[in-house]
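Down below is the structure, laid out as structure tokens.
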Amino acid sequence: MGVSDPIGEAADVIFIGIFTFAAVRGYQIADFLKKRTKAVIVLGGLHASMNYREAVRHCDYVLLGEGDETILLFLQALKGEIPMDFAGLAYQKEGKLVCTGYPSPPETFETIADRNLVYRYQKMAGHNTIWPQVHASRGCPHNCDYCAVVRHFGHRVRTRTPENVVEDIRRSIAFFDKGHFRPLKDLWITDDNFFADREWAISVLNAIIDSKIHYRFNVQARYEVGFDDEMLSLLKRAGFFELDMGIEFIDDRSFQTYHKKSTTQEIEEAIRNIRRHGLSVRGLFILGSDDQKKGVGDQLADFVIRNHIQGVLIQSMYFVSGTPVYETHKNRLLHHNWSLYNGNVVHWPKQMTPYELQLEHIRASRKIYSWKRLLQALLFEDPFHKLLFAGEFFWHMSIRADLKKQLPYLRKRSEESVR
Ligand code: B12
Ligand code: SF4
């Protein structure tokens, strides 16, 4: 599809990838294309894979799991070169669902995407809200109940070679910086658990240092890396400025309930050590656990401020079928409107109403991104963090505006006496 063929009339196959928050839109596009083109419509990605029974109603085929190898097999099958029966397929045949199961994940995934192939991506790259990013490994050995990613990519950690990662970083930076002025330059390593294979992580960091690429990087991390002084020094030398830590909860009971192996004390100690190494910490939090009560918004904000956490993403719990939390909470979901699974409250927590929980979220965001803290950041932070905080201040304003739009609905549902 392109400018001369905006709806893909000439396409033979159209592949559409969806995460949960994009599923509704993805289905609309798939339905539209199905009616308007002759192309074979294929849905894939995390949400389509974990909800293939739902996704299959909007397309000709769902391809489950990672697409690197199955897309090629699929194209071969479509051309009649191999039978359409390999692992990773779901489709409807004579009104019945056929599913050949999840395929084995690829062992190597060294292909560096040509970013020029994405329609208008070069234009989007000029915006400060889109950063260069590289995904260097897949899989995580942990088993947190709410995590959809580990169900999709599996527990076994699979990595790209350090040379391949560095080459991708180089090309990503070149693509993003070409012809654009971006005051906040940084590249995000988006792995869910970059440090799960310690030796490999060290070799990637050494490869970045040897490459003489001078850039600013951030990466997602569990708290354990905060006790690894060698790793923290290497991160600093390689140009990393921030670790995005999946902290999730601020009470030990919630960690236990959802099988997240952490304690609040360990996390706080880790943050202190990370900061000692000159790196900042961004906190990724989940609100709405069954152990949390009213007041959790304030507690979360106090935790962030006390521990000098430089920025936050707060997300109310969400539930995707295939995750343990979906099984334990499916009778308490407010709806299955996936487009609202983007931070909003979507379930009945145990000790608050949905409305109260949404207010806690708004309160935490307002306290962390207050005018007073904006002024403090502008006065006392380094130039990069001044800009970052100011940007996030306005971003959180827009997040709160979106959260507030849901309040009337959540109030109404909360007033219902029968759950
Ligand atoms: C980068 C990222 C972002 C960036 C995106 C920036 C950008 N320019 O792309 C930003 C910061 C904007 C972002 C925002 C959000 N994100 Co986000 N994000 C990610 C992250 C960390 C990496 C994505 C990635 O590159 N993955 C690596 C590639 C290789 O994986 P992939 O895209 O899934 O593709 C593979 C397969 O799925 C498959 N595949 C994919 N598509 C298709 C299509 C077909 C046809 C086929 C056959 C196969 C196939 O093949 C690929 C290769 O194996 C993921 C975590 C993760 N591990 O994916 C979270 C993640 C996608 N985000 C998530 C969430 C919740 C959000 C937010 C709602 C957070 C919030 N509260 O605001 C917002 C939503 C924004 C929006 N409305 O669009 C969740 C989604 C959960 C879910 N059930 O869908 C994830 C999974 C994080 C998590 N730990 O749960 N995000
Ligand atoms: S540590 Fe992170 S990536 Fe691993 S299972 Fe838990 S939430 Fe998922």
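No value in this document is a laboratory result; all are computed from the given coordinates. Keep in mind the model is a prediction, meaning the values are calculated, not measured. Backbone-built Cβ (ideal geometry, glycine too); neighbour counts: all protein chains shown.
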About the Cα centre, and with charges only on the beta carbon of Lys, Arg (+1) and Asp, Glu (-1), how big is the dipole of segment 178-316? Nearest 20 debye, please. 660
Over the Cα atoms of segment 263-327, what Rg and Dmax result, in angstrom? 14.0, 42
Computed label-point distance, nm, for sites Asn337 and Glu163 using a 7 Å Cα→Cβ extension: 5.3
Name the residue farthest towards the positive end of the dipole of the chain from the options Ala39, Val134, Met352, assuming +1 on Cβ of Lys and Arg, -1 on Cβ of Asp and Glu, about the Cα centre. Met352
Which part of segment 281-319 falls in the paramagnetic zone of Trp395, meaning amide N under 17 Å from the point 7 Å along Cα-to-beta-carbon? 281-286, 309-316
Given backbone amide H placed at 1.01 Å from N, residues whose amide H is under 5 Å from that of Gln133, ignoring those fewer than 5 places away on the same chain, are Trp188
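Share of antiparallel DSSP beta bridges in the chain, in percent to the nearest 5? Don't skip to the end; give the middle numbers.
Numbers: 9 of 38 bridges.
Restricted to the chain, the bridges split so that about 25 percent are antiparallel.
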Which of Glu268, Glu327, Glu199 has the fewest Cβ neighbours within 10 Å, and the rest in rising order: Glu199, Glu327, Glu268
Can you put Trp131, Trp395, Trp338 in order of Cβ neighbours within 10 angstrom, beginning with the fewest? Trp395, Trp131, Trp338
With springs only between Cα atoms under 10 Å, which of Arg138, Arg366, Arg182 fluctuates most in a Gaussian network model of the chain? Arg182
Which whole-number percentage describes the relative contact order of segment 1-136, with Cα contacts under 8 Å and a sequence gap of 6 or more? 16
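If you build the convex hull over the alpha carbons only and average its shadow over all orientations, what do you get for segment 115-418? Give it in nm² to one decimal.
On the way: hull surface 64.0 nm².
So the Cα hull casts an average projection of 16.0 nm².
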How high is the relative contact order of the chain, in percent, with contacts defined as C-alpha pairs under 8 Å that are six or more residues apart? 11
Are there any helices in the chain, counted as whole DSSP H runs, that stretch 24 Å or more along their axis by Cα and score at least 1.6 on average by Kyte-Doolittle, and if so which? none
When the Cα centres of segment 162-206 and segment 262-309 are compared, how far apart do they sit, in Å? 26
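Contour minus end-to-end for Lys212 and Thr264, with contour as 0.36 nm per residue of separation and end-to-end as the Cα-Cα distance? List each step's numbers first, then the result.
Details: separation 52, 0.36 × 52 = 18.72 nm, distance 3.72 nm.
Length difference between fully extended and current span is 15.0 nm.
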Fewest to most neighbouring Cβ within 10 Å: what's the order for His152, His142? His142, His152
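I'd like the FRET efficiency for Arg306 and Lys34, computed as 1/(1 + (r/R0)^6) with the beta carbon distance as r and R0 of 45 Å, rounded to 0.05. All intermediate terms of the calculation are to be shown ahead of the outcome.
Details: r = 53 Å, r/R0 = 1.17.
It comes out at approximately 0.30.
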Gain on full stretching of the segment that runs from Arg156 to Arg253 - 0.36 nm per residue minus C-alpha separation: 32.2 nm
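Pull up the DSSP beta bridges for segment 72-225 and report the antiparallel fraction as a percent, rounded to 5. Provide the component values of the computation, followed by the final result.
Details: 6 of 11 bridges.
Bridges in segment 72-225 that DSSP calls antiparallel: roughly 55 percent.
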Inter-label distance, nm, simple model (7 Å from Cα along the C-beta direction), Val98/Leu407: 5.3
Rounded to the nearest whole Å³, what is the per residue volume of the convex hull around the Cα atoms of segment 6-99? 100
Starting from the Cα coordinates of segment 50-154, work out the convex hull volume and express it per residue in Å³. 169
Net length gained if the chain between Glu415 and Ser370 were fully extended (0.36 nm per residue, minus Cα distance): 13.1 nm
